[in-house]
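Notes follow the structure.
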Amino acid sequence: MRGVSVVPFAVASAVIVLAWFVDLGDATRRLDGTFVWAPGLSLEDGDLASFMDEISSLGMNIAVVQQLRGVSSDATCPSDDFEWIVGYSDWDWEGWVTSLLDNAQRTGVSVYLGLSGSGPCWDFYTGLQKSYTTADTEWLLSQFSSTLLNHPALAGWYIPDEAAIPLWTDVALTFSYYSGLVETIHEFSPLPVTVSPYLSGARTYNVTPDVVARRAKEFADGTGIDVQIWQDSVGADAINVFNRTDYTLSDYFSALSSVLPIFWSDNEAFNWGENLEGGGYHSCSLSRFELQLKQSEIYVPIMLTWIQQLHFGTVSDSLQPEALRMLHTYKSWFSIAEGYGRVSYTYTYVTPPASEYPDSYLNKLNDGWIGDPVDYTSENWVGVLGTASVILTINPSSNVDWVSVHLQGSPPEAINFPSALTITTSRDSGTTWQTIGKYKTPLSVTAVSVVSEYVLGNNDLPLGIAPQQPGSPNLLVRLDLENTQWTFLSEIEVSADPL
């Protein structure tokens, strides 16, 4: 991917559109923790130690294990056919939990353990499934030794069955299920109990913040749940952190804060896509993620994410292709360690935007606001017919390791994701160019005809573009997004690792 060649591009042919980087300001807080997906971390391979080291290095001190057991995926509902979440019956669950808690204690991380979940039986709060899940939860807790129940790193419990509060018009129907689980858990442990409601559905069905807040308060009063960990559903349902006119994430969290004495956020680190297809569920842009944190941090004491392990990590065997890129960009956006940092730039268009989708104020690619993935007419998108080519001008003292572009795909409107991104550089003001690499869009992203967002960049290795020598001109970095139809882009993110 990283070969070097000399290519004579003509900078004089570029349409000169200059835009200085506008920094919205860092979110005042980074993430406090993450959810954990047990099947992706192997006890035998030492993943738990590596995982705890990694999240601790990111400043996280809370880990919520999503669940230990669940209804078999091929069961007929309602079902009492529960199995270990890893999918095999001889899982050393006690060894896994012990290692998790021991490594958490070593790294200063507090753990909330998820118990038995009902999926794919979604009517879990009524009838036989309610009884089956409660019984399996009780059985699971009875298997815990007193050593595990009193482990210093164990801070609480998590009920895996998520609360669909925006969709439950009569939330009281769920009270006996959740309150029964709280009672069952407290028969074994006095530690607090958490659950994760979601905002998904609020946008689709136009459920107002006041209605969500009222139901959340009723749910809290009727169940005895200690902490609601609210999914922001920006990835699942494109809840508004954009320049859209409907209710924003901040509107919902503000309403929740007015009725709940405390709640936490679960900020989703994955792209939106119809049915989570196309670019959906792939690792998101830091520009969008930062907007999510900005609209969360003033309302919650704890910000978690779904899910560092898959979307910006290195340890799991189920990593998204873009996880390494997002991890390093996250470190740069939040200055996790010395030497990581955002790289400022100005830019010029080689291929000018169409007049219908302009960059009128010359800042849409670096102002921190991303295009709305559900609406290609959103003011933050720039539209180019065919291949889009942009030249970034970067201070000569900067190095560059990660470059990515936030994109929109809307096949019904002939807006397709580019097939590849080619990155070239010039150290002599555009006289000669060196090819750094060509980075293809995954086939799974382009092979479906759904509306979604995607972030295309170098995913596997840092670019390793060194600073210019003293007295040299600015570094030029050219991005060519290869496409035969419309290319819609918003933010370009550039970051540097320590030299």
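The values are calculated or read from the model by the stated rules, or taken from the named source; none is laboratory data. These numbers come from a predicted model, not from an experiment. Here Cβ is always computed from backbone atoms with ideal geometry, including for glycine, and neighbour counts include all displayed protein chains. Each accessible area value is taken on the protein alone, full model and side chains, heavy atoms only, with ligands, DNA and RNA left out. Shrake-Rupley method; radii C 1.70, N 1.55, O 1.52, S 1.80 Å.
Residues to consider are ASP237, ASP210, ASP226, ASP246; find the one that is in contact with a Lys or Arg (Cβ under 9 Å, 6 or more places away or on another chain) and surrounded by fewer than 19 Cβ atoms within 10 Å (Cβ to Cβ).
Answer to the check: ASP246.
Counting just the residues of region 438-494 that are polar (S, T, N, Q) and over 23 Å from the mean Cα position of the chain (by Cα), which one comes out farthest from VAL350 (Cα to Cα)?
Here the residue is GLN469.
Quick one: would you say TYR340 is open to solvent by 10 Å² or more (accessible area, probe 1.4 Å), more than 11 Å from the chain's Cα centre (by Cα) and without any contact (Cβ under 8 Å) to a residue 60 or more places away in the chain?
Criteria not met by TYR340.
Among the residues of region 95-124 satisfying the criterion of being hydroxyl-bearing (Ser, Thr, Tyr) and closer than 15 Å to GLN143 by Cα, which is most open to solvent (accessible area, probe 1.4 Å)?
Across region 95-124, the extreme among qualifying residues is THR98.
Scan region 254-280 residue by residue and report those that are farther than 17 Å from ASN240 by Cα and either among the aromatic types (Phe, Trp, Tyr) or assigned to a strand (DSSP E or B) (or both).
Once the filter is applied, which keeps residues that are farther than 17 Å from ASN240 by Cα and either among the aromatic types (Phe, Trp, Tyr) or assigned to a strand (DSSP E or B) (or both), region 254-280 yields PHE263, TRP264.
Within region 251-280, how many residues are farther than 15 Å from ARG30 by Cβ, under 16 Å from the mean Cα position of the chain (by Cα) and of a type in the set (Gly, Ala, Ser)?
4
Taking into account only those residues within region 71-94 that are open to solvent by less than 20 Å² (accessible area, probe 1.4 Å) and in contact (Cβ under 8 Å) with a residue 40 or more places away in the chain, which is farthest from ASP32 (Cα to Cα)?
So the residue we want is SER79.
Residues being in a helix (DSSP H, G or I) and within 28 Å of ALA155 (Cβ to Cβ): count how many of those fall in region 230-249.
So the answer is 4.
So which residues in region 100-112 are assigned to a helix (DSSP H, G or I) and more than 16 Å from GLY46 (Cβ to Cβ)?
Hit for region 100-112 is GLN105, nothing else.
Could you check region 281-314 and list, in sequence order, the residues that are over 20 Å from TYR247 (Cβ atoms), in a loop (DSSP other than H, G, I, E, B) and either within 10 Å of the chain's Cα centre (by Cα) or among the hydroxyl-bearing types (Ser, Thr, Tyr) (or both)?
TYR281, HIS282, CYS284, SER285, ILE307, PHE312, THR314
Exactly one of these conditions fails for ALA163: (1) in contact with a strand residue (DSSP E or B) (Cβ under 8 Å, 6 or more places away or on another chain); (2) open to solvent by 50 Å² or more (accessible area, probe 1.4 Å). Give me its number.
(2)
Of all the strands (runs of 3 or more DSSP E) wholly in region 433-499, which have at least 3 residues that are modelled with pLDDT of 95 or more and open to solvent by 30 Å² or more (accessible area, probe 1.4 Å)?
433-440
Quick one: which of SER429, SER419, SER404 is among the hydroxyl-bearing types (Ser, Thr, Tyr), within 27 Å of the chain's Cα centre (by Cα) and surrounded by fewer than 22 Cβ atoms within 10 Å (Cβ to Cβ)?
SER419
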